[in-house]
């Protein structure tokens, strides 16, 4: 008799989902599926809207990473206007994108994942939250608050508000940077970097205790993809796509990301609203690749900033050139955050950062635009087609979580095979299935929910659809 | 108690007003409306005012730095326009399992755990008539905006005058 275990909903991620684990007659795991159960429909919602509305509409996709959509959307609009933002406008966009990287990475590491890392995956769920972290390791909790606040404040100071700022526009940004704002941001950077480095030190001192999880949390061979700059270092805003296989060989390099459709396929499964993106040469579903902080560190030659380069060297000494476990997203996320904070300082110390020339103006000069940038969770692609009046006729979004969808499914299967030992539902399995998804920090929408507000439900369902077992947390 | 027409700005120092909710959901934006009014009202000069979609851990630092915190939120359930004022008990905020947004007791508890200070915190909840998409308050909620402002003024004045502890339990205006 075959059975299913359903975990619904998954908690401490951005959005709504559930997991189904399929068992065979012997109670062994045969398959696992990560379902995204919410429907958004932004690609259809924007049809018929004028192009100048696109950045603001697209930013509403997410309340955690609106800036990422704002950046990619504005870049797509740049192409439709056939303009390049003035250099200062582009640099100011970079600063806001990096601030977004910092605050979102901080949310993932400190608020969502550090309770698991600090207390262990089998600790009482009532303890595994930031209050528990504050009581057990107040410095870690303070640093989490401080680092996220640092990123949020930069976004707010630049854009006027920390969620859905409208400062990034087609052609550049809406207003130049004031000297006072620049100096205010610069004054906060040393403490932010110190906090990130304290968290890194704590993580590295604790890493041995997670060896078991590192060997089972999505530990498999796959390709990795991310943007790199002209020197091959990490690039967050522009650059070219690089894809590296599990042995460190380049599958592709120097790809203009606007040609993404030549390389990436998008598959749709009936059991999820989340598309599965795959590397076309390897086909579906074998063309698994990963994006996000771990991928950025793997595909890049260096981070490109002094402190992050030192940390990346150590990361590679500890884990190898192409670490295969998705558990290492946590470690990579901290280095990624450090790199972003350093880049912010570099940009703000640029000689032209206060220039008043921050925006290019133009009408509709092209019927198609593709904007690509790195979001906290990985490479983000916005692709629009418009008519001659600039009315959107078609849109396609390739979101980082979609790139990682196949890898997340494979990771859930690996954890389930390791920890599901019978048709009975047990906490250790539940904790780890959830935690492996959290490694990827999937952002399924702007919706936010918390453990405790939405009950955690696991159902064991027989082949006839009857409920065999159920757990509620 | 009598509320002075003009609170001295000095008396307002150390007070924080946070209006939170979704300003695109009609009455859920009452917190934002009140925060905007406080920021523009000379009676409240010196008060720090924040507008937020939800309470997040990052607010713990702001809370810890204040002597008085007033949180303004929408409430579904009570009759539209009802104003309820509750003193937050931080002891109620340690046993929950939230992640990245939290309730008032959690916020106060976090401020205490991380920064060693848990100030006097009140939540002003306003009963809503509509949570539909929209940027305007319903007439029933719009009518009590001035009443909410007066409640805040009383709380600020009471704290500044160092009179006995603020409003406790629940009251209705």
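The values are calculated or read from the model by the stated rules, or taken from the named source; none is laboratory data. Since the structure is predicted, the reported quantities are computational estimates derived from the model, not experimental observations. We place every Cβ from the backbone using ideal geometry, glycine too, and count neighbours over all the protein chains shown.
What do you reckon, is residue A:362 surrounded by fewer than 24 Cβ atoms within 10 Å (Cβ to Cβ) and out of contact with any strand residue (DSSP E or B) (no Cβ under 9 Å at 6 or more places or on another chain)?
So residue A:362 fits the description; yes.
Select, from A:195, A:166, the only residue that is over 30 Å from residue A:325 (Cα atoms), in contact (Cβ under 8 Å) with a residue 12 or more places away in the chain and within 22 Å of the chain's Cα centre (by Cα).
Of the residues listed, the single one that is over 30 Å from residue A:325 (Cα atoms), in contact (Cβ under 8 Å) with a residue 12 or more places away in the chain and within 22 Å of the chain's Cα centre (by Cα) is A:166.
For segment A:382-423, which positions are in a strand (DSSP E or B) and closer than 30 Å to residue A:31 by Cα?
A:396, A:397, A:398
Condition test on residue A:182, is it more than 10 Å from chain B (Cβ to nearest Cβ), part of a helix (DSSP H, G or I) and more than 25 Å from the chain's Cα centre (by Cα)?
Yes, satisfied.
Which condition number in (1) modelled with pLDDT of 95 or more; (2) more than 25 Å from residue A:65 (Cα to Cα) is the one that residue A:271 fails?
The single condition residue A:271 does not satisfy is (1).
Are there any helices (runs of 4 or more DSSP H) wholly within segment B:94-173 with 1 or more residues that are within 27 Å of residue B:58 (Cβ to Cβ) and at pLDDT below 90, and if so which?
Because the criterion is at least 1 residues that are within 27 Å of residue B:58 (Cβ to Cβ) and at pLDDT below 90, the helices (runs of 4 or more DSSP H) in segment B:94-173 that meet it are B:145-160.
Hey, among A:125, A:115, which residue is part of a loop (DSSP other than H, G, I, E, B) and within 11 Å of chain B (Cβ to nearest Cβ)?
A:125
Any idea how many residues of segment B:40-65 are more than 17 Å from residue A:111 (Cβ to Cβ), free of Cβ contacts under 8 Å to residues at least 12 places away in the same chain and within 11 Å of another protein chain (Cβ to nearest Cβ)?
0
Within segment A:160-176, how many residues turn out to be surrounded by 23 or more Cβ atoms within 10 Å (Cβ to Cβ) and either facing chain B (nearest Cβ under 8 Å) or part of a helix (DSSP H, G or I) (or both)?
The total comes to 0.
Test residue A:95 against the stated conditions and say whether it is part of a helix (DSSP H, G or I), within 14 Å of chain B (Cβ to nearest Cβ), touching a helix residue (DSSP H, G or I) at 6+ places or on another chain (Cβ under 8 Å) and crowded, with 24+ Cβ neighbours inside 10 Å.
Criteria not met by residue A:95.
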